[in-house]
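The values are calculated or read from the model by the stated rules, or taken from the named source; none is laboratory data. Note that the structure is a prediction, hence the values are computed from the model and not measured. Here Cβ is always computed from backbone atoms with ideal geometry, including for glycine, and neighbour counts include all displayed protein chains.
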Amino acid sequence: MSYLNISNVDVAFPTANGAYIALREVHLEIEQGEFIAIIGHSGCGKSTVLNVVAGLLEATRGGVLLENKEVNSPGPDRAVVFQNHSLLPWLTVYENVRIAVDKVFGKSKSKAERHDWTLHNLQLVHMEHAMDKRPGEISGGMKQRVGIARALAMQPKVLLMDEPFGALDALTRAHLQESVMEIQTALNNTVLMITHDVDEAVLLSDRIVMMTNGPAATVGEILRVDLPRPRNRLELADDPTYNHYRAEVLRFLYERQRRPEAA
Amino acid sequence: MGKETEMSNNVIALSITPPAVAEIAPVVEVRQPVREAANVERQPPASPAYSFPPVSKARLRAVAITRAVILPGAVFLLVLGVWMLVNAKITSDIPTPAATWARAVEIFGQPFYIAGPNDMGIGWQVLYSLGRVMAGFALAVAVGIPVGFLMGASRDVHQACYPLVQILRPVSPLAWLPIGLLVFQAKDPSAIFVIFITSIWPVIVNTAAGVQAIPQDYLNVARVLRLGKLEVTRRILIPATLPHILTGMRLSLSVAWMVIVAAEMLTGGVGIGFYVWDEWNNLNVASIIVAIGLIGLVGIVLESLMNLAQRYFDYNRR
């Protein structure tokens with residue numbers, strides 16, 4: 001049995017015209033320490049998959065098993081990095097991470113240990129210099145770094161990232177992708193990332209899960225990315241294997257799953 | 001005050017820019033050859049020799065003083081002129097500014113005398129009025145915030161209460177005074193009741209709007225962290241809605257201060273509103289004008305206190 005098992009998940013929403021089926025038979029098995037990217041056109045239900053794993057949304061049929069235990073409510077063992085960082089604006093950077101640390105380790109760690117752990121996670125994302133600032137005073141990329149620190153600080157079994165860099169400019173995005181790769185190498189997190197960026201998917205992940213268009217979206221193809229780590233963006237730019245993977249994903253997205261209205 | 005001066009300085013700096021633009025033209029000609037040389041050898045371009053006319057600090061200060069003191073002073077003088085004109089041409093029952101000033105000196109000379117239950121200094125009048133405002137305002141906040149929270153959090157409560165709020169909100173608070181007098185059979189509770197009714201609507205409406213405006217993301221964070229109901233309220237709902245609540249409180253307090261004057265005119269007793277009415281009955285118009293000025297000043301003080309509170313609690317402004 002795999003570490004994280006998304007087992008034949010259907011998600012349907014009631015509407016005036018009967019049930020709207022968003023996901024049908026989504027099945028995915030993820031090993032510990034794997035970096036998985038889910039890619040697909042917007043509206044295909046990528047985020048729905050992530051929300052089911054997070055427990056924020058209940059599967060209509062099927063379910064999610066983490067270490068052989070069913071998950072059906074949100075919890076810090078599946079920390080989420082939200083697309084628009086969702087830091088609490090009335091707390092400082094430090095407090096935004098500390099609130100998570102206090103909640104998860106309130107009983108198992110002493111106050112001093114929790115302080116150190118908060119600082120440690122801010123250091124991981126290179127944000128310790130801004131720990132006393134409020135989210136309104138730092139840039140979008142920095143906010144997303146803090147969002148990642150908050151998620152990492154929960155020491156989750158699975159790190160869920162919902163288009164974490166979608167709202168950032170290309171240079172900041174590249175910078176954060178490097179950080180995530182570094183951290184993932186160091187901590188060996190199991191990561192499930194939603195993205196619509198082909199380069200990001202190929203660069204970061206071990207496997208790319210390509211989803212068909214909705215309604216009733218499902219897993220179309222899974223591409224294993226056998227590129228040695230650490231990966232370097234510049235070297236890979238001219239690497240034929242990298243470009244082959246890239247072309248595979250593009251072909252899936254633009255030939256086989258071309259959006260009808262975009263045609 | 002310091003902030004205002006600073007702002008007007010910026011404005012001045014901008015307004016001085018246009019003449020300087022004219023001087024850029026010759027500078028551009030000078031730069032042309034430098035640029036060509038840079039193309040050949042890629043030398044760093046010489047820093048362009050913009051020359052702005054020096055801005056004298058004395059001039060900036062003069063403009064700042066004009067804005068802050070002279071312009072408002074001019075309008076003040078204009079009003080004084082109209083006032084004197086009314087006194088001279090329309091009715092001499094309106095006292096001259098000088099006579100009013102003399103009365104003000106007299107009134108404020110002994111603001112806290114007590115010569116009997118119906119004859120107290122103006123300081124007491126204001127304090128009694130403020131006491132009623134604060135009592136009604138505190139009750140309105142105590143009731144309005146929870147009701148607003150419920151309306152913001154539950155669609156059903158919102159649907160149930162919204163029409164009532166919409167109907168009652170535009171009603172002049174004084175229309176409630178007879179109801180208050182009937183129910184409470186006493187002046188003071190009735191006046192407080194009117195202030196309560198005045199203050200509660202902005203608090204309810206703004207609190208509800210604040211709760212509705214909380215991004216779903218914050219609540220998702222709370223769910224991932226498994227915060228309990230109490231923790232969600234304390235760590236997310238209250239801080240997120242506090243700015244809205246304070247806006248509602250600021251609005252209702254300034255209206256409450258306006259309404260108390262009118263309410264006291266009807267209920268009587270010690271208070272600045274009845275003071276105005278009493279002096280009207282004594283045809284003591286100078287005292288009324290002094291009271292009008294004082295009511296305005298107290299209003300400003302209340303407003304700035306609420307602004308201070310807002311700045312302190314509102315994460316957007318800190």
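Quick one: would you say B:ARG234 is among the basic types (Lys, Arg) and facing chain A (nearest Cβ under 8 Å)? Considered against the rule, which asks whether it is among the basic types (Lys, Arg) and facing chain A (nearest Cβ under 8 Å), B:ARG234 comes out as no. Screening A:GLY33 with (1) within 14 Å of chain B (Cβ to nearest Cβ); (2) of a type outside the set (Lys, Arg); (3) touching a residue at least 40 places away in the same chain (Cβ under 8 Å); (4) at positive phi gives one miss only, at (1).
Would a scan of segment A:138-154 turn up a residue that is buried (at least 20 other Cβ atoms within 10 Å of the Cβ), without any contact (Cβ under 8 Å) to a residue 60 or more places away in the chain and of a type outside the set (A, V, I, L, M, F, W, C)? Yes; the residues of segment A:138-154 include at least one that is buried (at least 20 other Cβ atoms within 10 Å of the Cβ), without any contact (Cβ under 8 Å) to a residue 60 or more places away in the chain and of a type outside the set (A, V, I, L, M, F, W, C).
Figure legend. Inter-residue proximity from segment B:61-87: first residues within 19 Å of B:ILE289 (Cβ to Cβ), second residues surrounded by 12 or more Cβ atoms within 10 Å (Cβ to Cβ) and β-branched (Val, Ile, Thr), beta-carbon distance below 7 Å, spacing 6+ or different chains. Indicated pairs: B:MET84/B:THR96; B:VAL86/B:ILE94; B:ASN87/B:ILE94; B:ASN87/B:THR96.
Of the residues A:GLU261, A:GLU200, which is among the charged types (D, E, K, R) and either in contact with a Leu (Cβ under 6 Å, 6 or more places away or on another chain) or modelled with pLDDT under 90 (or both)?
A:GLU261
Would you mind listing the helices (runs of 4 or more DSSP H) fully within segment A:196-258 where at least 1 residues are touching an Asp or Glu at 6+ places or on another chain (Cβ under 8 Å)? Break it down stepwise before answering.
Numbers: elements: A:198-204, A:233-237, A:240-251.
It comes to A:233-237, A:240-251.
Of the residues in segment A:56-78, none is more than 14 Å from chain B (Cβ to nearest Cβ) and within 16 Å of A:LYS143 (Cα to Cα). Where helices (runs of 4 or more DSSP H) fall wholly inside segment B:145-260, the ranges with 3 or more residues that are farther than 26 Å from B:ILE300 by Cβ and in contact with a Leu (Cβ under 8 Å, 6 or more places away or on another chain) are B:187-212, B:216-224.
Within segment A:80-113, restricting attention to residues that are more than 14 Å from every other protein chain (Cβ to nearest Cβ) and touching a helix residue (DSSP H, G or I) at 6+ places or on another chain (Cβ under 7 Å), which residue is surrounded by the fewest Cβ atoms within 10 Å (Cβ to Cβ)?
A:LYS109
Exactly one residue out of B:LEU242, B:LEU302, B:LEU294 is under 30 Å from A:VAL80 (Cα atoms), in contact (Cβ under 8 Å) with a residue 12 or more places away in the chain and either of a type outside the set (D, E, K, R) or assigned by TED's automatic domain parsing to the domain that holds B:ALA153 (or both), and it is B:LEU242.
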